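Heads up, the thing below is written out as structure tokens.
Every read-out reported here was derived from the displayed coordinates using simple, explicitly stated rules and does not represent laboratory data. Bear in mind that the values here come from a model prediction, so they are computed numbers and not experimental data. Cβ atoms come from the backbone with ideal geometry, glycine included; neighbour counts cover every protein chain shown.
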Amino acid sequence: MNSIALGSTDAGNYNLLNTTATTSADITPASLSVTANNDSRFAGGTPYTGGNGVAYSGFVAGETSGVLGGALTYGGSSQGASSAGDYAITPGGYSSGNYAIRYVKGVLSITSGGAAEAALGGPALVAAYGGAVQAVASIGTTTVGTGGGAGGAGSAGGVAGSDAGALAAAAADTGSSSDNE
């Protein structure tokens, strides 16, 4: 500081003996949490890499991640995971003199498909969007008829796809309507 002066209406009642001073200040960095967003996948797809973004808590004065040094990185047991289970998504990579950064892990949950696989007849019929393309080899064969009739038979199959949306399916009737009474 170069000078100190008194202000207000009573300033004339006081006499400053020293109008210069030296001081220092310790400014504590603000706390900043960087939390990895959770993610989920089906088992058997492409091994997991990266993350699902992060959430920030603690920026001051309208600041954003743009004031941080370094670049966002991801580590933890999630990297390369493809088998069913829960894995840690660990954010990292930032630096700052103004923030004490605390990283909070997220969870990658990889599921086997469970009920979906059972209902559809196996894992070949369940694929995660964004994962490896899996062909639908066959939806199944159905036999229809009455108690004493020979019945008819049919089968259906699907076409592989990698984008979300409807995929083509084909069906064939291999029986005849005369078989059914």
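Values computed for the structure shown
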read-out: Under Karplus coefficients 6.51, -1.76 and 1.60, residue-wise ³J(HN,Hα) of region 59-67 in Hz, glycine/proline x; value: 4, 10, 6, x, 5, 10, 4, x, 8
read-out: Asn37 long-range amide H proximity, modeled H, under 5 Å; value: Asn52, Gly53, Val54, Ala55
read-out: Which of Asp86, Asp39, Asp26 has the fewest Cβ neighbours within 10 Å, and the rest in rising order; value: Asp26, Asp86, Asp39
read-out: Cα-based Rg of region 30-111 normalised by 2.2 N^0.38 Å, two decimals; value: 1.20
read-out: Distance in nm between pseudo-label sites at Thr23 and Ser77 (7 Å out along the Cβ direction from Cα); value: 5.2 nm
